[in-house]
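Data first, discussion second: the structure below is written as C-alpha cells.
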Amino acid sequence: MTELSGGPSLPQERRVATEIPGPKSQELWARKQATVANGVGAVLPVFAKRAGGGILEDVDGNAFIDFGSGIAVTSVGNSAEAVVRRATAQLNDFTHTCAMVTPYEPYVAVCEALAELTPGDHAKKSALFNSGAEAVENAVKAARAYTKRQAVVVFDHGYHGRTNLTMALTAKNMPYKHGFGPFAPEVYRVPVAYPYRWLTGPENCAKEAAHQAIEQITKQVGADNVAAIVIEPVLGEGGFIEPAKGFLPAIANFAKENGIVFVADEIQSGFCRTGQWFACEDEGVVPDLITTAKGIAGGLPLAAVTGRAEIMDAAHAGGLGGTYGGNPVACAAALGSIETMREQNLNARARRIGEIMKPRLEAMAEKYDIIGEVRGRGAMIAIELVQSGSKEPNPAATGALAKACHQEGLLVLTTGTYGNVLRFLPPLVIGEDLLNEGLDIIEAAFTTL
C-alpha cells in the first residue's frame, strides 16, 4: 500500500530537522501574534510550506506525518492532480460571477454529482455555500420553510458550527460558545446514544437513548412544533462518537412519522471518510437533507445542502444563496475531488486504513489502561483517554500525548466534549509505511507517558 496520487512531488518520509517549532516558524508566529486576532489559534505552531500524500512540510524543513488532513478536508491529498487540473482550468476562464447573478455549469455539475452520490433514490436538489456552518443554517431554513414550524432538535455532544444559530445547535461550550451569547432560540437538546458513557451499559444504550430523546421531544417540545432534527451520524468534535446501532434509525423513523425533517450533518464524516460515501449509509438511514463540506473540494471552501426536492424548493426565490456560495473554482475542485475518490476507490482505501489502525490501537489499549476506548470507522478513528481504573476523562494525558507526537514529527488532533480524545484523520491517500510509522510514534508516546 504505497501512497496514491494526492499532491505535489514530495518525499513521503518523516523528518525532524530542527526543534519544533523551528526558528522560521517561531519568527512567523511572532508576526502572526502581532497582526492576527488571538482568537484564531493553532494546534501546532509550525508554518506549512508544502504538503502531499501523507506528509506536511514546514518552512524549517521538518516533514510531519499528517494524521489530521486539515480536519478531514484534504482527504484526496493536499493538491490532488484532478483538483489542481480542474481548478486551474477554471481559474483561466473566470474566478467569479456570482451564481445568483449569472450561473455557470460547474455549480450545476456539483449538484448533479451530489444528487447521484447521496443516499436515497428520491428526486433531490442542492444549494451550495462556503462552509459547514452555512450549510447547517440553510438546512434549518429549508426545513422551517417546508414545515412552517420553528423548533430544531439537536443532541448532546454535537457540533454544527460557529455562527449564532450553529453555536446554539452545538453542545460544547469551550471554545465554541463561551462568552458569545445570547444564542438563537427554539433549539432543544436531547440525549445521544454514547455507548462508552451510557450509565446502564452499551447493550441498553440505543433503546434507552432513543426512548429518552423521543420522550423529551414529545413532552417538552411537542413533535408538531419541530421543523428539523439535526444529528451527525458520527459525532465529530464531540469525540468521534458512533451512536449505538439502532439509535439513528429510531430517530429517523420518529421524524418521518411526525413530519419532521431529518438532517444528517455529514460535514466531517462524509465523502469516503468512514469507508462509505456517507456515514449514515452504515445503517441504511436515508436523510431528508444532508449537509456536506470539508472533504468535498480537496481543500477549497465549498459546502452543500442536498435533499428531497420538495423540501429544498420550499424556500422562496432568493431565500437561499450568498455572494461566494458555489464559487466556480471551488466547484471545479469538488468535481476533481469526486473524480479522485471514484478513480482511486477511496472508500476501500478508508476501510483499509481502519483495518490497519484499529487493531494496533486496540493492542495498545490492552497494554495501557488510560485508553478507555478505541472507536470509529474507516479513516475516522479515535481513542478516548481516562484516568487509570476509571472512566474519568483525562484531558491532561491527551494533551501530553499530542505534544509528544508533534515533537516526533506526527501531526495529531484532540477533540471531545471533555477534551480527552485523540482523533485520527489521515489523508485517504497516505502510504501504509507512514501509517505504521505514525502508529509507532503514538505507541512510543504512551510508553513514555
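The values are calculated or read from the model by the stated rules, or taken from the named source; none is laboratory data. Bear in mind that the values here come from a model prediction, so they are computed numbers and not experimental data. Here the Cβ is made from the backbone with ideal geometry for all residues, glycine too, and neighbour counts use every protein chain on show.
Within the stretch 303-321, which residues are in a loop (DSSP other than H, G, I, E, B) and closer than 15 Å to Val140 by Cβ?
Filtering the stretch 303-321 for residues in a loop (DSSP other than H, G, I, E, B) gives 313-321.
Selection gives Ala314, Ala315, Gly319, Leu320.
Looking at the stretch 239-272, which of its residues are charged (D, E, K, R) and free of Cβ contacts under 8 Å to residues at least 12 places away in the same chain?
Hits for the stretch 239-272 are Lys256, Glu257.
Phe183 fails exactly one of the following numbered conditions: (1) surrounded by fewer than 20 Cβ atoms within 10 Å (Cβ to Cβ); (2) touching a strand residue (DSSP E or B) at 6+ places or on another chain (Cβ under 9 Å); (3) over 23 Å from Gly376 (Cα atoms). What is the number of that condition?
Of the numbered conditions (1) surrounded by fewer than 20 Cβ atoms within 10 Å (Cβ to Cβ); (2) touching a strand residue (DSSP E or B) at 6+ places or on another chain (Cβ under 9 Å); (3) over 23 Å from Gly376 (Cα atoms), the odd one out for Phe183 is (2).
Counting only residues that are out of contact with any Gly (no Cβ under 9 Å at 6 or more places or on another chain), among the aliphatic types (A, V, I, L, M) and free of Cβ contacts under 8 Å to residues at least 40 places away in the same chain, how many does the stretch 51-105 have?
1
Looking for something more than 24 Å from the chain's Cα centre (by Cα), more than 18 Å from Cys272 (Cβ to Cβ) and among the β-branched types (Val, Ile, Thr) - is there at least one such residue anywhere in the stretch 78-95?
So far as the stretch 78-95 goes, yes, one or more of its residues are more than 24 Å from the chain's Cα centre (by Cα), more than 18 Å from Cys272 (Cβ to Cβ) and among the β-branched types (Val, Ile, Thr).
Can you tell which of Gly246, Gly239, Gly299, Gly295 is surrounded by fewer than 16 Cβ atoms within 10 Å (Cβ to Cβ) and of a type in the set (Gly, Ala, Ser)? Walk me through it before giving the result.
Numbers: Gly239 fails: surrounded by fewer than 16 Cβ atoms within 10 Å (Cβ to Cβ); Gly299 fails: surrounded by fewer than 16 Cβ atoms within 10 Å (Cβ to Cβ); Gly295 fails: surrounded by fewer than 16 Cβ atoms within 10 Å (Cβ to Cβ).
Just a single option satisfies the conditions, and that option is Gly246.
Scan the stretch 403-426 for residues that are crowded, with 20+ Cβ neighbours inside 10 Å and of a type in the set (Gly, Ala, Ser) and jot them down.
Passing the criteria: Gly409, Gly416.
All but one of (1) over 19 Å from Gly70 (Cα atoms); (2) part of a helix (DSSP H, G or I); (3) among the small types (Gly, Ala, Ser) hold for Gly336; which doesn't?
Result: Gly336 passes all but (1).
Just checking, which of Ala317, Ala365 is free of Cβ contacts under 8 Å to residues at least 40 places away in the same chain and either buried (at least 24 other Cβ atoms within 10 Å of the Cβ) or assigned by TED's automatic domain parsing to the domain that holds Gln90 (or both)?
Exactly one residue qualifies, and that residue is Ala317.
Quick one: in the stretch 325-362, of everything that is aliphatic (A, V, I, L, M) and under 28 Å from Ala400 (Cα atoms), which residue is surrounded by the fewest Cβ atoms within 10 Å (Cβ to Cβ)? Write out each step before concluding.
Step one: filter the stretch 325-362 for residues aliphatic (A, V, I, L, M), giving 329-330, 332-335, 338, 341, 346, 348, 350, 353, 356-357, 361.
Adding the requirement that they be under 28 Å from Ala400 (Cα atoms) leaves 350, 353, 356-357, 361.
Working: Ala350: 24, Ile353: 26, Ile356: 17, Met357: 24, Leu361: 22.
By that ranking, first place goes to Ile356.
Quick test for you: out of Leu449, Leu428, Leu361, Leu422, pick the one residue that is of a type in the set (A, V, I, L, M) and farther than 21 Å from Glu237 by Cβ.
When all the criteria are applied, what remains is Leu449.
Cβ contacts < 7 Å: first residue in a loop (DSSP other than H, G, I, E, B), restricted to the stretch 388-409; second residue among the β-branched types (Val, Ile, Thr) and surrounded by 18 or more Cβ atoms within 10 Å (Cβ to Cβ), any location; separation 6+ or different chain. Result?
What qualifies is Ser388/Ile370; Glu392/Val386; Asn394/Ile370; Asn394/Val386; Glu408/Ile441; Gly409/Ile65.
Give, as residue ranges, the helices (runs of 4 or more DSSP H) completely inside the stretch 124-216 that count at least 1 residues that are at pLDDT 95 or above and within 24 Å of Glu373 (Cβ to Cβ).
In the stretch 124-216, the matching helices (runs of 4 or more DSSP H) lie at 202-216.
Tally up the residues in the stretch 267-295 that are farther than 16 Å from Thr340 by Cβ, touching a Leu at 6+ places or on another chain (Cβ under 9 Å) and assigned to a helix (DSSP H, G or I), please.
Final tally of qualifying residues: 3.
Select from the stretch 353-401 the residues that are closer than 30 Å to Phe271 by Cβ and among the basic types (Lys, Arg) and list them in ascending order.
Lys358, Arg360, Arg375, Arg377
So which residues in the stretch 116-146 are of a type in the set (Asp, Glu) and in contact with a Ser or Thr (Cβ under 7 Å, 6 or more places away or on another chain)?
Glu137
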